[in-house]
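S.K.: Mind having a look at this structure? Questions to follow.
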Amino acid sequence: MTVIEYAPAPESRALVRLEASYGLFVGGEFVAASGPSFATINPATEEVLAQVSEASAAGVDAAVKAARTAYTRVWSKLSGTDRGKYLFRIARLLQERAREFAVLETLDNGKPITQSRDVDIPLAAAHFFYHAGWADKLAYAVPPGPGGSTPAPLGVVGGIIPWNFPLLMLAWKVAPALAAGNTIVLKPAETTPLTALLFAQVCQEAELPPGVVNIVTGAGATGAALVAHPGVDKIAFTGSTAVGKQIARALAGTRTSATLELGGKGANIVFDDAPLDEAIEGIVGGIFFNQGHVCCAGSRLLVQESIADEVERRLKRRLATLRVGDPLDKNTDVGAINSRTQLDTIAGLAHVGEAEGAHRWDTGCALPEQGFWFRPTVFTGVTQTHRIAQEEIFGPVLSVLTFRTPAEAVAKANNTPYGLAAGIWTEKGSRLLWLADQLKAGVVWGNTYNQFDPTSPFGGVKESGYGREGGRHGLAAYLQGEGH
Amino acid sequence: MSRIDVRKTYKLYVGGKFPRSESGRTYPVYAAPARSGATPRLLANAAAASRKDAREAVVAARAAQPGWAGATAYNRGQVLYRVAEVMEGRREQFVADVRAAEGVSAARAEALVSAAIDRWVWYAGWSDKFTQVAGGVNPVAGPFFDVSVPEPVGVVAILAPQASSLLGLVSVLAPTIVTGNTAVVLTSATRPLPAVTLAECLATSDVPGGVVNILTGDPAEMAPWLASHRDVGGLDLTGAADAAGVDWGALEASAADTLTRVLRPGGTGAEAVEPDWLPEPGLGRMMRFVDVKTVWHPKGR
């Protein structure tokens, strides 16, 4: 088959002005941290982008105190209308500086510029728009109980976010927290802190009262200090199930509430009557979007036995056209793996898949010499007990299993400790709706995959965590009363 | 000469049956003393459920859960309303049970039983309304139908309140099962008998066996096994208040390994306080043991 060659179409880096080093953003100012710093790199080139401070327990404490002061003295006294206006300002600033954010996200994360430009940044702005409008309507956000009054905020929120959608995950935490009347201390992931630090500048431009948003950079120890801080009223965490369990344990016996968005092993179920062209695109987007660094990725393909061969053939043909390479190139479909650590994890689990007897196939495409890369990979002949059918790989690796009956599809789809997302591909409406009921998952995509919207509650069941983000349900989790 | 009355053996309620504890153990249950210093009056030798009984109860609750959640909301509402009908028929027994258990006046016991039956009716009516109030259609920015609905978390282990032996019990049990969960209830340690009478109501209405399982005994002994049980999806710690030997923080910590949804007891800080059960409760208890599922589908011609 002929692969059409495209000339490179690189997005310009000129919009991004990086500092050599960044402090913590506390009380509305960047403050130099006294402790150590670490480098954040471009995973596509391994070039050092900037030095970033590692917040110690003392740095976290200062940020929580700034958030508490801002909550008590300023933010809790503002009207909802005024809080909303700040959020509208932030939304507009994100739109105005969208391309700058997109390029910076791609540099720091390794995701294709088309994805940061068309998905991450617009959705982040949309989250601020959506929640801005809630700020003066909180009494309508939860059903009024007897004697219903306007629900109160919780106080200071600690947000801890992953590296796969850095600014978008920030928006998922900051926008509802502020709309509900809380202040926040946010810790971005250690490999992708730069858009959060640029967001701090946006807060300054918006003249958000100092201390309402605080950004503390660092790794696991910084996050643990935030979780352990007695001045935090709620933890909003997106990340791995292992860390989510640690957080749940750390908060046990306290009055600090938590929203935990954790790992997944999403089943994408394809029936023999599915619209195959769309299904193939859905399978590819489901697992190879964002290099598979998606908690709700459709990492398990469950395909009906009668069409398994055809789906496999079409899938491989489609994958051969994916362009893996320079994330800043607008032709790129699959970018860089975010870090060497993650690359090692993916490679390790892929090795296990082979060792356990599944059949490994990849596109064989050329990869850049610098940076962290992994070819889109498909495992066929996978059984339910294989680790690649049970464990989250968080990379561009698809495990293919087969089924014969709808009941078998349900049993296999539900056979993991996770329950975040699932996809169903069939033209038969009654079967789709029956399956949607049966699947143990917080999000079910019928004849589509990986759709997100600020109005649509997102979150998992079982060991994929608890609480929702987005929509009325997500907002309620930042208010006292019935949301948590 | 007065008639010799026929006394009842108080047993567990598991899977729709009334077994003794597999351990063969019982423990004495006394009436609340009318005045301090009075000799306690023995009410019954209640079953002292064991770890194995608790595990059997989880098995029964798990087996019953898909059928209960899969029933129509209208049907669940009818079944639960039927429970209230049967409770009303046993009013006098409940009043006597509550009076003996809680040491309250006859008038107070009447009021508590009335409130408990009314509470059951209130929750029964939520069965086919809760989904609309707690769910909805999401106006996403694209050509998609996008709907969110609450779904039960599965099996919920409940530490029933220690003081309020019937109204408190109904107020934690009814909101849990009305949404499609099944329950394993650890009763008040010292006031378990109204719960056994409630079990008899459940068994003689149309509640499928295993939807509610009631264990009398020492919650401090059984709760840790339920909190860490991999087939338990929710843990209601309300009854940790004033429960001897129960550390709710430790129970919450052991539930963390399975990310079990936990409803903390009332109160502030580490202190657990049993709430006032008389006011109308709101949606909070129903919301705690559901997870919202969101389903997307494209629209097109």
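Any read-out appearing in this document is the output of simple, stated calculations on the displayed coordinates, not a laboratory observation. For clarity, every value in this text was computed on a predicted model and none was experimentally measured. In this analysis, Cβ positions are derived from the backbone assuming ideal geometry, glycine residues included, and neighbour counts consider all displayed protein chains.
S.K.: For the stretch A:106-206, what does the convex hull of the Cα positions come to per residue, in cubic angstrom?
M.R.: Output value, Cα hull per residue: 105 Å³.
S.K.: Something else now. Report, as an integer, the average count of C-beta atoms from other chains found within 10 Å of each Cβ along A:378-384.
M.R.: The shielding value for this peptide is 0.
S.K.: Using 7 Å Cα-to-Cβ label points, what is the B:D276/A:T150 separation (nm, one decimal)?
M.R.: 2.6 nm
S.K.: List every residue whose amide H lies under 5 Å from the amide H of B:D291, counting only residues 5 or more places away in sequence or on a different chain, with H placed 1.01 Å from N in the peptide plane.
M.R.: B:E151, B:V153
S.K.: Moving to a separate point now. Can you spot the lysines whose alpha carbon is less than 29 Å from B:K11's alpha carbon? Ignore those fewer than 8 places along the same chain.
M.R.: In chain and number order, the partners are B:K52.
S.K.: In Å, the Kirkwood hydrodynamic radius of the stretch B:42-298 over pairs of distinct alpha carbons?
M.R.: This gives a value of 18.5 Å.
S.K.: Restricting things to alpha carbons, find the Rg to Rh ratio for the protein assembly as shown using the Kirkwood radius for Rh.
M.R.: Across the protein assembly as shown, the Cα-based Rg/Rh ratio is 1.01.
S.K.: Sum up the lysine pairs in the stretch A:1-156 that clear both bars: alpha-carbon distance under 19 Å and a spacing of 8 or more or different chains.
M.R.: Final tally of qualifying lysine pairs is 4.
S.K.: Ranking A:F38, A:F289 by Cβ neighbours within 10 Å, fewest first, what do you get?
M.R.: Starting with the residue having the fewest Cβ neighbours, the order is A:F38, A:F289.
S.K.: So which aspartates and glutamates can A:K187 reach, going by Cα to Cα under 17 Å and dropping same-chain residues fewer than 8 places off?
M.R.: A:E29, A:E54, A:D61, A:E105, A:D108, A:D233, A:E261
S.K.: Residue by residue, what Karplus-based ³J(HN,Hα) values in Hz, rounded to whole numbers, does the stretch A:465-471 have, using 6.51, -1.76 and 1.60 with θ = phi - 60° and x for Gly and Pro?
M.R.: Result, ordered by residue: x, 9, x, 10, 10, x, x Hz.
S.K.: Could I ask something else about it? Taking every residue in A:418-426, how many Cβ atoms of other protein chains lie within 10 Å of its Cβ, on average?
M.R.: Mean partner-chain Cβ count within 10 Å for A:418-426: 1.
S.K.: At R0 = 30 Å, how high is the FRET efficiency between A:N415 and A:L276 if r is their beta carbon distance? Nearest 0.05 is fine.
M.R.: Efficiency for this residue pair is about 0.75.
S.K.: Near B:K293, which aspartates and glutamates are there with a Cα under 13 Å away, not counting those fewer than 8 places off in the same chain?
M.R.: In chain and number order, the partners are A:D437, A:E469, B:D146, B:E151.
S.K.: Just B:D231, B:D118, B:D276 to compare: in a GNM of chain B, with alpha carbon springs under 10 Å, which one fluctuates most?
M.R.: Looking only at B:D231, B:D118, B:D276, the biggest GNM fluctuation is shown by B:D276.
S.K.: Tell me the angle of helix B:193-204 to the major Cα principal axis of chain B, expressed in degrees between 0 and 90 and rounded to the nearest ten.
M.R.: Taking Cα atoms only, the helix is inclined about 60 degrees.
S.K.: Okay, moving on. Starting with the fewest neighbours, write out B:Y81, A:Y478 ranked by other beta-carbon atoms found within 10 Å of each beta-carbon.
M.R.: B:Y81, A:Y478
S.K.: Expressed in nm to one decimal, what extension gain is obtained for the pair A:T69 and A:L433 from 0.36 nm per residue of sequence separation less their Cα-Cα distance?
M.R.: 126.1 nm
S.K.: Same structure, new question: By counting other Cβ atoms within 10 Å of each Cβ, how are B:R288, B:R264 ranked from fewest to most?
M.R.: B:R264, B:R288
S.K.: A follow-up question, please. Would you mind checking the tilt of helix A:166-179 against the longest principal axis of the Cα atoms of chain A, expressed as 0 to 90 degrees and rounded to 10?
M.R.: 40 degrees
S.K.: What's the average, rounded to a whole number, of partner chain beta-carbon atoms within 10 Å of each residue's beta-carbon in B:127-139?
M.R.: Averaged over the peptide's residues, the number is 2.
S.K.: Kindly provide the helix-only [θ] at 222 nm of chain B, computed as the sum of -39,500 (n - 2.57) over DSSP H runs of four or more divided by all residues, to the nearest 500 deg cm²/dmol?
M.R.: -12500 deg cm²/dmol
S.K.: Take A:A32 and B:M1, extend 7 Å from each Cα along the Cα→Cβ direction, and tell me the distance between the two endpoints in nm.
M.R.: 10.0 nm
S.K.: I would also like to ask the following. Amide H of A:G423 versus every other amide H placed in the peptide plane: which residues, excluding those fewer than 5 positions away on the same chain, fall under 5 Å?
M.R.: A:A267, A:N268, A:I269, A:W445
S.K.: Please compute the modelled spin-label separation between A:Q204 and A:V48, points set 7 Å along Cα→Cβ, answer in nm with one decimal.
M.R.: Once both label points are built, they end up 2.3 nm from each other.
S.K.: Taking the Cβ-Cβ separation of B:Y30 and B:D206 as r and a Förster radius of 30 Å, what is the calculated FRET efficiency to the nearest 0.05?
M.R.: 0.30
S.K.: So for the stretch A:267-446, Kirkwood radius off the Cα pairs, Stokes-Einstein at 10 °C and 1.306 mPa s: how many µm² s⁻¹?
M.R.: Rounded to a whole number, D works out at 97 µm²/s.
S.K.: Then there is this: Using 1/(1 + (r/R0)^6) with R0 = 60 angstrom and r between the beta carbons of A:E96 and B:A250, what's the FRET efficiency to the nearest 0.05?
M.R.: Using R0 = 60 Å, I get an efficiency of 0.70.
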